[in-house]
Amino acid sequence: MAMASTYAPGGGAGALAPGRARVRGPVGLVSLGPTRLGGLPRPLALARRSPVAAGARLRCAASSSSAARPVTAPRFIQHKKEAFWFYRFLSIVYDHVINPGHWTEDMRDDALEPADLYSRYLKVVDVGGGTGFTTLGIVKHVNPENVTLLDQSPHQLEKARQKEALKGVTIMEGDAEDLPFPTDTFDRYISAGSIEYWPDPQRGIKEAYRVLRMGGTACVIGPVYPTFWLSRFFADMWMLFPKEEEYIEWFKKAGFKDVKLKRIGPKWYRGVRRHGLIMGCSVTGVKRERGDSPLELGPKAEDVSKPVNPITFLFRFLMGTICAAYYVLVPIYMWIKDQIVPKGMPI
Ligand SMILES: C[S@@+](CC[C@H](N)C(=O)[O-])C[C@H]1O[C@@H](n2cnc3c(N)ncnc32)[C@H](O)[C@@H]1O
């Protein structure tokens, strides 16, 4: 069994409380006073209510605090082009290297449980579905004909197409931040281990809200931020490892209700999260109204049609890939510790 625990934040935890907002700076971002969530005080860069919009929509410049990459956390692969090339190579070994260390079948089933896949007739989309590992968990509950797998990497999708159990699933290329589906289409939106590559995670979650039908559930499975300094350094160099409260904030800002977070992890971690986890939590929220998200965003953080300096690209790609290698070693280290340290003792 994978380790799991549920963390359901109090109603006020990540809520926007627009009445408390103070306008800061020229970009339309607003900073709320320090917010306490999960015992951690932290400032939030959040939205303000548009004074002109009839529907009082929430407006936010290129998304939230985590979308910006500070110099100390350049997150070299949290770019669409770099992620594309990263998976050009990783897709060759993905199922054999990544899943056994970071994303086991036990963990997947634990993580999908809050998505409530109770009927074979639910219409489900798996965004950033890659080689189809999570989709395999979905089709245990839902007819493959009702499932769509979308990813930006044709190389990952090619692996998915080879899987017998996924015959019948609609497999297509697309961008998580700009989904090619009409509003109010799916009963379930699932995305596992993809948000960390999105340049603008808030935009992706807003899209999740848009494509869901009223009463539908979104389930985003992703990393959690490390607390150990060395792990934090490599995480910050590689990609986005959000804090738990950031997921909740993104969901609530997108308009989701009943937002819940469940902690997951490989069983040999014995609950340790200080190195961060590439698959560390499953966050769910329910869409209670028809139509698009109440959140309005500014321009996209990354425009893939714009040319990128090849030297900058190569530097980011190589640095990100080297730093990612650290996270191949972490589960091996934790697995060895689990073998050595007597059961029941902390590791
Ligand atoms: C760690 S893999 C996860 C694959 C799969 N969900 C699983 O559970 O094994 C991350 C996937 O996200 C995809 N991805 C990254 N950025 C994306 C984007 N903007 N839109 C769609 N897919 C994206 C990558 O191509 C990759 O296949």
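A short reminder: the numbers here are calculations on the coordinates, not readings from a lab. Bear in mind that the values here come from a model prediction, so they are computed numbers and not experimental data. Positions of Cβ are backbone-derived with ideal geometry, glycine not excepted, and every protein chain shown enters the neighbour counts.
What does the charge count near residue 73 come to, summing +1 for each Lys or Arg and -1 for each Asp or Glu among other residues with Cβ under 10 Å from its Cβ? After counting each charged neighbour, the total is +2. Spin-label model, residue 319/residue 89: points 7 Å from Cα along the beta carbon direction are separated by 1.7 nm.
Electrostatic bookkeeping for residue 215 treats Lys and Arg as +1 and Asp and Glu as -1; over the other residues with beta carbon under 15 Å from its beta carbon, the sum is +3. Potential lengthening of the chain between residue 158 and residue 304 amounts to 50.4 nm, from the contour at 0.36 nm per residue minus the alpha-carbon distance. Sorting 68-75, 118-125 by their mean Cβ neighbour count within 10 Å, with the most densely packed peptide first, gives 118-125, 68-75. An ellipsoid equivalent to region 257-347, defined through the eigenvalues of its Cα gyration tensor, has semi-axes of 35, 27, 7 Å when rounded to whole angstrom and sorted largest first.
The slack in the chain from residue 340 to residue 178, taken as 0.36 nm per residue of separation less the alpha-carbon distance, amounts to 53.6 nm.
A simple count of charges around residue 308, restricted to other residues whose Cβ falls under 14 Å of its Cβ and scoring Lys, Arg +1 and Asp, Glu -1, yields +1. Estimated from the Cβ-Cβ distance and a Förster radius of 45 angstrom, the FRET efficiency linking residue 230 and residue 120 is about 0.50. Across the options 146, 176, 160, the greatest Cα extent toward the positive end of the charge dipole of region 74-204 (unit charges at beta carbon of Lys, Arg, Asp, Glu) belongs to 160.
Each of the peptides 298-308, 267-277, 336-346 was scored by the mean count of other Cβ atoms within 10 Å over its residues; in descending order, highest first, they stand as 267-277, 298-308, 336-346.
For a straight C-alpha distance cut-off of 19 angstrom, the lysines reachable from residue 206 (same-chain residues fewer than eight places away being disregarded) are 80, 123, 243, 252, 253, 257, 260, 287, 300.
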